[in-house]
Structures are given as structure tokens and as C-alpha cells.
Protein chains: 2
Amino acid sequence: MAAKSANAFSAALRRGLYEAVFRRRDIREFLPDPVADDVLARVLVAAHHAASVGFTQPWDFVIVRDLERRRRIKEVFEQEREKNAAEFTGARRERYLSLKLEGILESPLNLLVTCTPGRSGPAILGKVSIREVEIYSACLAVENLWLAARAEGLGVGWVSILRNDALAEIFAIPAGVIPLAYLCVGYVREFPERPVLESKGWAERLPPRSLLHFDSWQGAAGADSLLRAIEDPGIWREIFPGESPK
Amino acid sequence: MAAKSANAFSAALRRGLYEAVFRRRDIREFLPDPVADDVLARVLVAAHHAASVGFTQPWDFVIVRDLERRRRIKEVFEQEREKNAAEFTGARRERYLSLKLEGILESPLNLLVTCTPGRSGPAILGKVSIREVEIYSACLAVENLWLAARAEGLGVGWVSILRNDALAEIFAIPAGVIPLAYLCVGYVREFPERPVLESKGWAERLPPRSLLHFDSWQGAAGADSLLRAIEDPGIWREIFPGESPK
């Protein structure tokens, strides 16, 4: 246990991380207040410190304030949303159409995170048969950004109802660079207690135990004690004394 | 500024998040000590609270302790490493071969994170023309897991020098489920101050300003104040009083 306590953060520091993890939300309602440069800089530096295959750091960040470009993005969103809505029927379709799914124009800024495979050259330490590894890395940067934003009181909403060809054209993205995540960023009146898609009845959070497998997909050897722990509120007591974390 | 201060974490809580972000490392040297169930449970719950498109939560976690399966994984790694090494020449190839790139057998457990597209049905809120969105979501879970592990004093190393067909076979992963991230997890003697690929001279951290674009790939309108902020150590003073964060 010595090794454990030597490198673990204090309960207070761990709380900072877990607060960000549990209170992060996908945000679609923004206040117009501008984001201060020091806050945005910290969030971007956090993104840049994500893990990356072969230390390739394949990400870039386009900071979008220009309203004309955002209007064009909004049009693409509307077209794609029509297509997405057509995949649902009846009450489900009604519910889909009732949801606000973006804050492209209301938020003070948008951020496009891109991925450039092969930026450091064709040979990459860690990229062999699994060819998507740089895209995975760029996604890790998005989660860092999202958590740092939450800690800074900034909401982030990922708009995936878009088209990459349109993103590339609107922001003059060079060939070979992949538009990965289009994010709306800004302050919010409040962060919802629960994910909006959960509170609006669109989907439920899956029980953690349903996602665990042991040594193979159907395996359950040695599962019992971890399954007990994952459902035990007591595992959070030291970090969130006297309250439930979620 | 009222909206800002209302939802931002205290400097102390933000520090917990940024400590995890800046001190997280890709780890290849592990202690054999077992990971306690409560610690592993917190890390997995953190992963499960990542963002996901349409709240699909497309991830699963295979907890791998079985040594026989890990030996087979190690063999696949050795084959893939040969291929990867062959892409480099001369001193670069020597340096590649000198690097320890995994801790598959030494770490007390391995974790396979998978992605199941379409788990909640064929129609997904947020999945239209950009078809990889669930894979992106599963990557976000990996970064949550990695940061929580760091806060708990646990090292994580992502082994991407593998083949998905071998992973699927060894862990009996069903068709349609994508093996996404194979992670070695365990306690460590110490977390290196800098990424190993940086300290060993494999690659350098890119200057953050080189990754920023304004309104379009070549755009620089309104860039100055953010570029100044991102290189100003003063933006970290409130969070890391009297020291540099990185």
C-alpha cells in the first residue's frame, strides 16, 4: 500500500477531478458573456496535454468567433438535423424535434478540433495495424478540454450533426486534416444536475455492472468483489464526505 | 463576470483537475501490487461518466487478469512491434528498439475498452453524416479513466501496437464490437516528470501557439491577446500559487 499512497492525490485534489467528471454536461444553452483569454488559454493548454500516440499531438484548434461562418455552420446543422429526425418515428420523432441540440450562434465562441494524421511523418511509433490511433488521441484532447472548461465554469456542447466536407470548406481546412469535433463554448446560467437527454427521457444511464466483463466478453471469474464495490456509495465517502457525488 | 464565478470551481478544486491533466503519463513500468476494488471501481465509474453522442454510452470494459491471455497479447505486440520498428531506419530505429513500450505482463491488470456502435438501435441522436461519433465517445471515456487513474496514483499505458482481429479472438469479442483501447494498469514507483518520449528525445512538445487558428485555418484575426495569454505563466498563478504547473 506504500506505493499507492505515495503517488495518489489527496482526497481534496481527487475531488477536483471527480467534480469535473461528474458535473460536466453537454450544453446547448449559453449566456452571451465573452470568455476571458486566460480562461480559454488554460482550457486549451489542458487539451494540448492529452495523451497522444507516439507523442504526435495530432490536434489543432480553430477558434471561431466570426458570425458569418457560424451562420453557415448553423445551416448545415439544420440540414443534417432534418436527416437525423427522419430516422425516428411517432412520439420519438416529436421528442427529437423538441430538443435543443446546439448553441452555435448564441455561444460567444465555437471551437473546431481537428486531427492531422501523419503530421510528424509517415512512420509513427505506436501506429501499425490499428490505423485510427491519431484520431483516438485527438478525442482524448477533447475530453481534457471539456473537463477543464467545466472546472472553469464554461459549458461545452459537441455538435456532431454536421458534415465534414462542409466544415472543411467553411474553415478552409487543408486536405489530410480531419475535422473531428465542433464545439460550442460559453458560460451558462447553470449546469443541469443530470444530462439533458436523461432528464428529458431520451435515454437512461446504463448500470455500470452491465458494462463490465472479466477476462473475456462472457467471463465473470473474480467479478464479485468489483461488482460489489462499483455499486457501493461508500467508495466515494473519503472524496465526497457526507454527500453523494452524482 | 457573475455567471462566471457562479459556476467555476474554486482554485483548489480546479487544481485537482489540472494536476491530473499535467501529471498524467503513458506508463510502461509497473509495480506488481494489486489494485484495490474500490480504487478500480472509482476509475471505471469516472470512465462511464464521459460524454457520449445521444447518451449512447457505447463503451464496455474487459478487466483482464488472466495471465495466459496476456501472454498471447504480448506475442501479438511483439509481432506488431517488429513491423513498426521496420518503418524506421538507422539511429531512429535503434532508439525505437531501446524503448519499453508496454507492461502487459508486469502490470497487475490490463483493461480492454471497446465500442459498440448502434447498441441502442440503428437510429442515434447526433449520428448522421459523421459516422464515427460513437468511437469518438468511447475515446472520451478512456481519457476520463486515465485522469482518474492518475489521481488515484495508478499508472495507465495504452498499447496500440496490437491487432484488432487478435484482440477480438483472444477476448471473444462479438462481431460488431470494436476493440478500442488496450490499457495496462497498475501502481508505479514514480510518475516521470515529463513524457518518456519527450525525455528520451523521441519527440518534443509542440508550442501551443502553433496549434491555434482563428476563424479559419490560415486566419489570425483577434489572435494576439489569446496567444499572449497562452504563453503567460501568470494564467496559472491562482491555481498553482508559487510554482509552475508543468
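Between B:Glu78 and B:Ser244, the FRET efficiency from the beta-carbon distance, with R0 = 51 Å, is close to 0.80.
Taking chain B as the region of interest, the number of lysine pairs whose Cα atoms are within less than 18 Å, with members eight or more places apart or on different chains, is 5. Remark: spin-label model distance A:Glu87-B:Ser10 equals 4.4 nm, labels positioned 7 Å along the Cα→Cβ axis.
Measuring how big the protein assembly as shown is from its alpha-carbon positions, Rg and Dmax come out at 21.4, 64 Å.
For the peptide B:85-95, the mean number of other protein chain Cβ atoms found within 10 angstrom of a residue's Cβ is 2. For the stretch A:1-81, go through all pairs of different Cα atoms, get the mean of 1/r, take its inverse, and jot down that Kirkwood value in Å. Hydrodynamic radius (Kirkwood, Cα pairs) of the stretch A:1-81 is 17.1 Å.
For the segment B:32-38, counting C-beta atoms of other chains within 10 Å of every residue's C-beta and taking the mean gives 5. Does the stretch A:132-229 come out rounded, prolate or oblate by the C-alpha gyration tensor, with a ≥ b ≥ c the root eigenvalues, rounded set by a/c under 1.5 and, if not, prolate when a/b is larger than b/c and oblate if not? Since a/c reaches 1.5 but b/c is at least a/b, the shape of the stretch A:132-229 is classed as oblate. Solvent-free Debye calculation, one equal scatterer per alpha-carbon of chain B: log10 I(q)/I(0) at 0.07, 0.12, 0.14 Å⁻¹ equals -0.30, -0.90, -1.18. Approximating the spin labels as points 7 Å out from Cα along Cα→Cβ, the B:Phe191-to-A:Ala220 distance works out to 3.6 nm.
Compare A:Leu162, A:Leu206, A:Leu112 in a GNM of chain A, Cα atoms joined below 10 Å, and give the one with the largest fluctuation. Checking each option, the largest mean-square fluctuation is seen for A:Leu206. Each Lys and Arg contributes +1 and each Asp and Glu -1, all at the Cβ; summed about the Cα centre of the protein assembly as shown, the dipole is approximately 60 debye. Taking the label point 7 Å along Cα→Cβ, B:Gly176 and its counterparts in the other copies are spaced 3.8 nm apart, in ascending order. Each copy carries B:Arg65; placing its label point 7 Å along the C-beta direction from Cα gives inter-copy distances of 5.5 nm, listed from smallest up.
Taking Cα atoms only, the orientation of helix B:37-48 departs from the longest principal axis of chain B by about 70 degrees. Chain B versus the axis that turns it onto chain A: the residue with the nearest Cβ and the distance in whole Å amount to B:Gly16, 1. A simple packing score, the average count of other Cβ atoms within 10 Å per residue, orders the peptides B:29-40, A:167-178 as B:29-40, A:167-178, with the highest score first.
To the nearest 0.05, how large is the calculated FRET efficiency for A:Glu231 and A:Asn164 if R₀ is 41 Å and r is the Cβ-Cβ distance? Using R0 = 41 Å, I get an efficiency of 0.55. A simple spin-label model places the labels of A:Ser98 and A:Arg209 3.3 nm from each other, with each point 7 Å out along Cα-to-Cβ.
Since only B:Leu162, B:Gly16, B:Ala91 are under comparison, the one whose Cα sits farthest along the positive direction of the charge dipole of chain B, derived from C-beta charges on Lys, Arg, Asp and Glu, is B:Ala91.
A dipole drawn for the stretch A:31-138 from +1 and -1 charges on Cβ atoms has a positive end, and of A:Val45, A:Val62, A:Leu101 the residue lying farthest that way is A:Leu101.
Every number in this text was worked out from the coordinates using simple rules, so none of it is lab data. Quantities reported herein were computed from a predicted structural model and do not represent experimental measurements. In this analysis, Cβ positions are derived from the backbone assuming ideal geometry, glycine residues included, and neighbour counts consider all displayed protein chains.
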